[in-house]
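The values are calculated or read from the model by the stated rules, or taken from the named source; none is laboratory data. Just so it is clear, the model here is predicted, and its values are computed rather than measured. All Cβ positions, even for glycine, are placed from backbone atoms using ideal geometry, and neighbour counts span all protein chains on display. To get the accessible areas, we keep the full protein, side chains included, count just its heavy atoms, and leave off ligands, DNA and RNA. Shrake-Rupley method; radii C 1.70, N 1.55, O 1.52, S 1.80 Å.
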Amino acid sequence: RAQIRRAQRDFGELSVEVAADLRHAFDIYDELVALHQDHWQRRGQPGAFANTFFDAFHRRLITNRLADREIQLVRVRAKGTTIGCLYNLVSRGRVLFYQSGFPQFESPRAKAGYVVHAEAIRLNAAAGHSVYDLLAGEDRYKQNLATDTSPLVWARIQRPLMRFTAEDRLRSWKHRLSRIVAAAISQ
């Protein structure tokens, strides 16, 4: 909390925008995508929005679900400069954080992600939403911002068919081989 308060003071007065129409939504979305892609490409990764099908899917989703308030696009600015954009999904009083974009700041004290999420949490609590869910992952910022966790259980149900048994055996052999190779490399 102290880091968030310090970062908020460093940024100065904050303005929070929530897309109310498609034009505004795509303005925020386009900036989010550009910031997100820049972040990952600087690290040699393609970024989540590199796939044109993925981008087209989200554009259709925003077009079809924004009016029903199931999509929330948020932009936080300070002194006219964007410090971050969030893409959230909303259902039954739960806000599910999906994706983000943040510019690169020189100061390690900037903590743009903390500030933007804190503002989004405040905004959604005031709107009457009961949960702001950071979703799966054990990233440090999620641990620091969260007040509760919910276990995520992965399950696979399938018929006992021969092809599934063969697939399971091949997967098991692949994992064993991977462990053997990793052990040989580390020696």
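Among (1) within 23 Å of K111 (Cα to Cα); (2) at pLDDT 95 or above; (3) more than 21 Å from the chain's Cα centre (by Cα), which single condition is R9 missing?
Of the numbered conditions (1) within 23 Å of K111 (Cα to Cα); (2) at pLDDT 95 or above; (3) more than 21 Å from the chain's Cα centre (by Cα), the odd one out for R9 is (2).
Of all residues in the range 50-75, which are touching a residue at least 24 places away in the same chain (Cβ under 8 Å) and open to solvent by less than 50 Å² (accessible area, probe 1.4 Å)?
H58, I62, L66, I71, Q72, L73, V74, R75
Do you know which residues across the range 85-100 are open to solvent by less than 30 Å² (accessible area, probe 1.4 Å) and either of a type in the set (A, V, I, L, M) or on the phi < 0 side of the Ramachandran plot (or both)?
Residues satisfying the conditions are C85, L86, Y87, N88, V90, V95, F97, S100.
Basic (K, R) and at pLDDT 80 or above - does that describe any residue in the range 104-125? I'd like the intermediate steps shown before the answer.
Let us first name the residues in the range 104-125 that are basic (K, R), namely 109, 111, 122.
This time we only want the ones that are at pLDDT 80 or above, so: 111, 122.
Yes, that holds for at least one residue.
Consider only pairs whose beta carbons are under 8 Å apart and that are at least six residues apart or on different chains; among these, list those whose first residue lies in the range 101-118 and is over 18 Å from Q41 (Cβ atoms) and open to solvent by 40 Å² or more (accessible area, probe 1.4 Å) and whose second residue is hydrophobic (A, V, I, L, M, F, W, C) and in a helix (DSSP H, G or I).
Here the result reads R109/A7; K111/I4; K111/A7, each pair linking the range 101-118 to a residue that is hydrophobic (A, V, I, L, M, F, W, C) and in a helix (DSSP H, G or I).
Here are the criteria: (1) over 22 Å from E17 (Cα atoms); (2) surrounded by fewer than 16 Cβ atoms within 10 Å (Cβ to Cβ). Tell me which single one G47 does not satisfy.
Result: G47 fails condition (2) only.
Quick one: would you say R159 is at pLDDT 80 or above and either over 30 Å from K111 (Cβ atoms) or among the polar types (S, T, N, Q) (or both)?
On the way: at pLDDT 80 or above: no; either over 30 Å from K111 (Cβ atoms) or among the polar types (S, T, N, Q) (or both): yes.
In short, no.
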